[in-house]
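Here is the structure we will look at.
Every number in this text was worked out from the coordinates using simple rules, so none of it is lab data. The structure displayed is predicted, hence computed values, not measured ones. Reconstructed Cβ throughout: ideal geometry from the backbone, glycine too, with neighbour counts over all protein chains shown.
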Amino acid sequence: MAKPSPFALLFLSSILFLFTFFSTATPLLHPSSSTDPQFLPRVEVDPKKKLKTWKGPDVCKYEGIGCDKVPDLNTKAASGVSLNGYGWSGSKLTLNGFIDQLPDIAYFHANSNNFTGTIPELISDLRFFYELDLSNNKFSGDFPKQVLGATKLTFLDIRFNTFSGPVPEKLFDMDILTAIFLNNNKFNHYIPANLGNTPARYLTFTSNEFTGPIPKSIGIGKTKKNLIEVLFSNNKLSGCLPMEIGLLENTILFDASNNSLTGPIPYSFACLAKIQLLNFADNTLYGAVPEGVCKLPNIQNLTLRNNFITQVGPVCRSLISKKVLDVSGNCILGLPEQRSEEECTHFFTHVELCPDEKSMKYIPCKGSWYLNEDPADVLRRPARKVTEMRTYAALSPVH
């Protein structure tokens, strides 16, 4: 049976991504013709001897280059570049003079190399281009705004570099992104207020220097139905948790641990019916854990360690005994491994109140079956096996 054209796969990439995620893509589309002769000498270190095949005018014979027919030209062309793990380095190893020579490229994967410099402007002219992976390289400077012109882009991975400064709002206005991995850089400033505009299913902001609140738009835009996993952990986020988080309909992982978030846990979080892992450890949340949150039907792990929580009800206590809920390092009387009385007293004499306390008690899904389930049945639920989450794999530089 003939293989499907990669150009046809382009339109299915959003679906296929959910199954292939970090796997190396099957060669799609790139132009034939020789690569820039200036490029090869720039690779000064080739530890896996990959360049031994990079000889002659036919790039389709080069290891890491995939070829296919360009539909509208009916000619064979280089269709994709997969350099993941090659470990290339060189004092002038940049993408200029390389990716520029591949005008029909559909994907470029270069995880775990030592590319530097900037992304060529003409990336916006690549008509079939839909995946860019430059993770774990040596890129630095401002967010690479060149990618904002790549209108067919569905996958952007620039984690484990040293990009800095703010992330542009326009990134979240791109219509066809299914994944944005920004973790382990030095991005700072607020996360743009239009975050909810992105249709991305997977988002990672972990280990940067983002400040300010989690945008309210996360629960009222395209993310409301599309977002599956999001990581905000290890930043400098502050302010109260927006109740709009509880409006997310298909999210299974929400991790905002190790920030400076404060306030009570919104009652709306009881509406996160699909959620499996919820992590707000190492913040300054206070008040009670809403019983409705502990009734969530798919919850596998609820981590509230090292906050200033003061109360848990019977359903939540059952999750503690099942090792589903972790509330160690809080201010809950009668439970082991809590903060000292002095530490808790000091915190509550300087507590930061949320501006809209009323919204914190709003439950938009009061009629949900699991919120009205017999408490005895809730207590009898067995603990669920913790699912391996896709975005957590992005916290490793190599894939």
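Annotations
- For the range 136-150, 3J(HN,Hα) computed residue by residue from phi via the Karplus equation (6.51, -1.76, 1.60; θ = phi - 60°) reads 6, 10, 10, 6, 8, x, 5, 3, x, 5, 4, 5, 5, x, 7 Hz, glycine and proline entered as x.
- Helical contribution to [θ] at 222 nm, DSSP H n ≥ 4, -39,500 (n - 2.57), averaged over the chain, rounded to 500: -3000 deg cm²/dmol
- Candidate lysines - alpha carbon under 22 Å from residue 76, same-chain residues fewer than 8 apart omitted: 3, 55, 61, 152
- Greater than 29 Å apart at Cα, pairs in 69/138; 186/361; 225/295: 69/138; 186/361
- Cα centroid of the range 54-93 to Cα centroid of the range 153-189, whole Å: 25 Å
- Lys/Arg +1, Asp/Glu -1 at C-beta; the range 159-399 dipole; positive extreme among 171, 288, 306: 171
- In straight-distance terms, cross-link reach from residue 50 covers every one of the aspartates and glutamates whose alpha-carbon lies under 13 Å from its own, apart from those fewer than eight places away in the same chain; here that gives 63.
- Within straight-line reach of residue 385, meaning a Cα separation under 16 Å, sit the following lysines at least 8 residues removed in sequence or on another chain: 274, 322, 323.
- Looking at the range 230-304, the GluC sites (Glu not before Pro) that sit in a DSSP loop and have at most 16 other Cβ atoms within 10 Å of their own Cβ are 249.
- At 0.692 mPa s and 37 °C, Stokes diffusion of the chain via Kirkwood alpha-carbon radius, µm² per second: 144 µm²/s
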